[in-house]
Structures are given as C-alpha cells and as structure tokens.
Amino acid sequence: MNDNKKIHYERGTEELRKKNFRAHKLVLEYNHCEIEDSTKKEEIIKELFGGVGLNPSIEHNSFVI
C-alpha cells in the first residue's frame, strides 16, 4: 500500500480518547448484562458498532484495547 492510500490519525487526540472511553463503558455495560437479556445486549452492540446485521452477538467478558 502506498502512502496515498494509508489512513493516518493522531492516537492522542481528545476526540479519540472520548471514543475509546465510550467504547470501554459500553463493553463494561455489556459484560454486566444478564445473559438472558438479549434486547439490552443487542442495543449495546448496535451503539458500540454503529450498524449490525440480524441477531448480532459477542461473547461476554469482551474487552477494548
């Protein structure tokens, strides 16, 4: 890939810190959902990823780096 096609971003920007913090909060909330609460889990997945297909699922005890 040449430099014209690379995506560059500043990792330490305030905007990215806020997005990372938000993702951590959503994953923490997801990990604390009752296993049977598929409605709440799906809401969190949609908020976390923006858009998903039918019946989205991620494993509990997920984490964000």
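The values are calculated or read from the model by the stated rules, or taken from the named source; none is laboratory data. This structure is a prediction, so every number in the text was calculated from the model and none was measured. Every residue, glycine as well, gets a Cβ built from its backbone with ideal geometry; the counts of neighbours run over all protein chains shown.
Kindly indicate whether E42 is touching a Pro at 6+ places or on another chain (Cβ under 9 Å), charged (D, E, K, R) and outside any loop (DSSP other than H, G, I, E, B).
Working: touching a Pro at 6+ places or on another chain (Cβ under 9 Å): yes; charged (D, E, K, R): yes; outside any loop (DSSP other than H, G, I, E, B): yes.
Spelling it out, E42 is indeed touching a Pro at 6+ places or on another chain (Cβ under 9 Å), charged (D, E, K, R) and outside any loop (DSSP other than H, G, I, E, B).
Looking at this structure, is N31 in contact (Cβ under 8 Å) with a residue 12 or more places away in the chain and at positive phi? Talk me through it step by step, then tell me what you get.
Details: in contact (Cβ under 8 Å) with a residue 12 or more places away in the chain: yes; at positive phi: no.
So N31 fails the test.
Which pairs do you get when a residue that is under 17 Å from H24 (Cβ atoms), found in region 36-55, comes within reach of a residue that is in a helix (DSSP H, G or I) and charged (D, E, K, R), reach meaning Cβ atoms under 8 angstrom, with the pair 6+ apart or on two chains? Correct list of pairs: I44/E29.
Scanning region 29-59 for residues that are within 13 Å of the chain's Cα centre (by Cα) and either of a type in the set (S, T, Y) or loosely packed, with under 13 Cβ neighbours inside 10 Å (or both) yields a count of 7.
Summed over region 27-65, residues that are modelled with pLDDT of 90 or more and among the aromatic types (F, W, Y) total 2.
Give me a count of the residues in region 1-28 that are assigned to a loop (DSSP other than H, G, I, E, B), aromatic (F, W, Y) and surrounded by 10 or more Cβ atoms within 10 Å (Cβ to Cβ). I'd like the intermediate steps shown before the answer.
Of the residues in region 1-28, the ones assigned to a loop (DSSP other than H, G, I, E, B) are 1-2, 6-13.
Those still in the list that are aromatic (F, W, Y) too: 9.
Pick out the ones that are also surrounded by 10 or more Cβ atoms within 10 Å (Cβ to Cβ) and you get none.
So the answer is 0.
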